[in-house]
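Chemist: Mind having a look at this structure? Questions to follow.
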Amino acid sequence: MKRPMTTGLVLIGIAVLAFWLTRPPAPLPLPGPPSATPIAAVPPAASAEVRGLPTLAPMLRKAMPAVVSITVQARVPAEDNPLYRDPFYRRFFGDQPPAERQALAAGSGVIIDAGRGLILTNNHVIQNAEQIAVALSDGRRIQGRLVGTDPPTDIALISVVVKGLVALPLGNSGALEIGDYVVAIGNPFGLGQTATAGIVSALGRSGLGIEGYEDFIQTDAAVNPGNSGGALVNIEGELVGINAAIVGPAGGNVGIGFAIPTAIAREVADQLVRFGAVERGQLGVSVSDHPAEMPAGQQMEVTPGATIASIVRGSGAEKAGLRPGDLVVAVNGRPIVSGSQLRALVGLVRPGGNVTLDVIRNGERTQMTAQVTAVGR
């Protein structure tokens, strides 16, 4: 009797297992109603200015229409191809290589007079230009005309005939201090109008060998190829410099850019409009950035400025009473820290004009007025 009972239990177990394995799966639970907590709403469209956040947008809306893109078609010296020096290849290409070739260049410019259509840019942007095309921020393209150029300061002035221009107000570059916020506006790498922000890193930079007359504003606002001739503006939207050069070992920005102060650009532009060229003046002195004599074995406090090393007989400097050893610390009320600055500022005065010099002699400060004479006389 035990064996049949065991067999029956086994059969019942198999039947139960078969039922569980073959029954249809239970339906998955349906999702419940959405959560009562709503997803965070997207904030209404409002600018940072409206929301009270720090922004340069209001200033840039006014300033950027005054900055233009410049495209130049120019003739430049042809590269010396070594094939022309090989007698074999000269049989095919001739004895004389082409002296010039056509090239395209791009840069930026700043409208400083909307009524007369005057635009400041760099001399190296429009150098050897045959055609100058100006693109406005609103997309209009017009032909530009060269008014004049001054290679020693790398400033050029062009003009356009068109209505509806916007000009940048000229700021006082002499009031800048290291640490002031500035914005560079231009056309880097031909991308189109671009704004980059930074600070004034240094003032009165000279001795760089970039231009003949150097008195640069240094900034860490990103300045790249194509920014040349563009605007350096303060946070009030005033033009304080014309971007001109960079230190860039790889050809791009590394945080060291240079701009020509408006104090120089304004004077050059004025002479170009009135006379078509810049005629430079000189005092008739040679200068040094350090005291002419330093007592042996002694230390002394050095005041920034330009020390007169020698004076040309009969010059304006001699007639004004300047002497070797005098330390010039300001020109026309503007402080200077180097002989290069003295040369640059005096060079903006036309022959026959006067300059007021702040001079320290024997520890006492005094003012002298000297007449500027033409360079080379």
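Chemist: At a threshold of 8 angstrom on Cα-Cα distance, excluding pairs fewer than six apart, so keeping six or more, what relative contact order does segment 173-275 reach in percent? Let's see the in-between values first.
Modeler: Details: 243 pairs, mean separation 26.4, N = 103.
That works out to 26 percent.
Chemist: Quick check: Cα centre of segment 160-224 to Cα centre of segment 263-281, how many Å?
Modeler: 19
Chemist: For segment 128-211, what's the radius of gyration and Dmax over Cα atoms, in angstrom?
Modeler: So, for segment 128-211, Rg and Dmax equal 15.9, 41 Å respectively.
Chemist: Using only C-alpha positions, report the orientation-averaged shadow area of the convex hull of segment 173-275, nm², one decimal. Write down the numbers at each step before the final one.
Modeler: On the way: hull surface 27.0 nm².
Result: 6.7 nm².
Chemist: Which GluC sites (Glu not before Pro) in segment 217-276 sit in a loop by DSSP (not H, G, I, E or B) and have at most 14 other Cβ atoms within 10 Å of their own Cβ? Numbers along the way, then the final one.
Modeler: Numbers: sites: Glu236, Glu238, Glu267; in loops: Glu236, Glu238.
Here the sparse-neighbourhood loop sites are Glu236.
Chemist: Another one. Please list, in chain and number order, the residues 5+ apart from Gly353 or on another chain whose amide H is under 5 Å from its amide H, with Hs placed from the backbone.
Modeler: Amide H neighbours of Gly353, under 5 Å, 5+ apart: Val372.
Every number here is computed from the coordinates shown, using simple stated rules; none is lab data. For clarity, every value in this text was computed on a predicted model and none was experimentally measured. Note that we place each Cβ from the backbone using ideal geometry, even for glycine, and neighbour counts take in every protein chain shown.
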